[in-house]
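Step one of this worksheet: look at the structure below.
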Amino acid sequence: MSDLPKHRRFNILSLDGGGVRGVVEATILTRLVKKYPNLIRDTDLLAGTSTGAIQALGLAAGFTPHDLTEMYMNLMKYVFADSLRDDFRDLWKMSGADYSNKNLRHILNDQFGDMQLVDLDKKVVVPAFRLDNGPNSKKRSWKLKVFHNFAGSDSDGQEKVVDVALRSAAAPVYFPTYQGYIDGGVVANNPSMVAIAQALDSRSAGVPLDVINLLSIGAGFSGRWIKGQNHDWGALQWAPHILFIPLEGSVSMTDFQCKQLLGWKESYYRINPVLPEKLALDDWKKVPRLMEIAREEDLSEAYRWIKEVWL
């Protein structure tokens with residue numbers, strides 16, 4: 001069971017996946033921390049998927065939200081670097097991932113080195129999707145894998161931070177698989193419910209549901225839809241949409257679940273700015289525009305919630 005004092009709440013900060021749009025989260029966090037400098041200090045558990053995983057791991061390692069914002073400003077052009085040679089090799093995106101993960105791996109190695117999850121200053125939860133749990137498993141299958149650094153028999157404390165980040169950020173089509181994993185966003189692009197489940201686990205924090213506060217930050221809402229009521233489609237027609245349905249559909253499902261469990265603005269608050277135009281997950285040239293959107297987002301209600309609930 002939890003050893004929290006009776007008056008103490010358990011604060012979870014959750015960060016969605018979203019490629020370069022993660023700068024929206026980093027910019028919003030920078031604003032929140034400017035208003036409330038102890039926000040990260042008073043966070044008990046950091047959860048992140050894909051680009052959100054990189055941020056959660058960075059915050060747990062002691063980086064500031066401003067540090068993360070600068071990373072997006074300065075390094076995304078290398079992460080999403082492309083060339084005609086690469087496009088030719090990949091038959092113009094028909095065979096092979098859009099981008100190599102080599103540059104991202106080099107950047108993460110520079111930031112984290114050989115640091116393991118157990119070395120982090122904060123507890124973290126990072127979902128990824130394992131493509132094969134092994135030929136010796138009685139129930140061989142692909143499945144969700146949740147990496148965390150809580151103590152216990154199921155701890156992943158000895159995993160390298162770089163490996164966990166690359167596993168969670170291996171978005172299909174955009175990047176190759178990494179060590180048998182793909183992006184956690186295919187099942188948990190919003191990792192809030194994963195974080196709640198881990199916090200409730202008696203082998204981890206073991207906290208009661210009624211002491212949990214959850215601040216969830218998204219990478220921007222970009223509305224998608226399919227016109228019409230009846231579609232007799234096959235694989236070819238569904239192909240342009242099939243990646244985004246689980247990535248974005250699970251986000252709204254998780255938001256609904258958190259509202260039902262914790263109560264909107266009671267113990268749960270979500271910030272996810274509406275994007276006024278389509279902004280691709282890999283368009284690093286739009287980072288300044290994304291930062292502008294995040295700076296213009298009205299956070300007055302968020303400030304009030306943090307003051308009255310989180311603190």
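The values are calculated or read from the model by the stated rules, or taken from the named source; none is laboratory data. These figures come from a predicted structure and were not determined experimentally. All Cβ positions, glycine included, derive from the backbone under ideal geometry; neighbour counts span all protein chains shown. Surface accessibility is based on the protein's heavy atoms, side chains included, excluding ligands, DNA and RNA. Shrake-Rupley method; radii C 1.70, N 1.55, O 1.52, S 1.80 Å.
Under a Cβ-Cβ cut-off of 12 Å, what is the net charge of the residues other than D156 that fall near it, where Lys and Arg count +1 and Asp and Glu count -1? Could you put the intermediate results ahead of the total?
Numbers: positive: K123, K145, K160, R167; negative: D154, E159, D163.
Neighbour charge sum, excluding D156 itself: +1.
In the stretch 84-229, what is the count of Lys pairs whose alpha carbons are under 20 Å apart, counting only pairs at least 8 residues apart or on separate chains?
Working: K93/K102; K102/K160; K122/K145; K122/K160; K123/K145; K123/K160; K145/K160.
Lysine pairs meeting the criterion: 7.
Hey, what's the chain come to in accessible area per residue, 1.4 Å probe, Å²? Don't jump to the answer; show the numbers that get you there.
Details: 15590 Å² over 311 residues.
Value for the chain: 50 Å² per residue.
Can you give the longest stretch of the chain with no exposed loop site, where a site means chymotrypsin sites (Phe, Trp or Tyr not before Pro) in a DSSP loop (not H, G, I, E or B) with at most 13 other C-beta atoms within 10 Å? Don't jump to the answer; show the numbers that get you there.
Values: sites that count: W92, W225, W233.
Value returned for the longest uninterrupted segment is 93-224.
With a Förster radius of 45 Å, plug the Cβ-Cβ distance of R8 and N74 into 1/(1 + (r/R0)^6) and report the FRET value to the nearest 0.05. Spell out each step's value before the answer.
Numbers: r = 38 Å, r/R0 = 0.85.
Efficiency, from the Cβ-Cβ distance: 0.75.
Which residues in the stretch 126-146 place their backbone N less than 18 Å from a point set 7 Å from the Cα of W238 along the Cα-to-Cβ direction?
Hits in the stretch 126-146 for W238 at 18 Å: none.
Just from its helices, what would the mean residue ellipticity at 222 nm be for the chain, if runs of 4 or more DSSP H residues each count -39500 (n - 2.57) and the sum is divided by every residue, rounded to the nearest 500 deg cm²/dmol?
Numbers: 12 runs with 120 residues, N = 311.
When only DSSP H runs of four or more count, the value is -11500 deg cm²/dmol.
Carbon and sulfur: what percent of the stretch 272-311's accessible surface (1.4 Å probe)?
It is 49 percent, rounded to a whole number.
Using a 1.4 angstrom probe on heavy atoms only, work out the carbon and sulfur share of the accessible area of the stretch 123-209 in %. Display every interim value, and only then the final one.
Working: 1980 of 3680 Å².
Answer for the stretch 123-209 is 54 percent, counting heavy atoms of protein chains only.
How far is it, in nm, from the label point at L311 to the one at A151 when both lie 7 Å from their Cα along the line to the Cβ?
Rounded to a tenth, the inter-label distance reads 3.2 nm.
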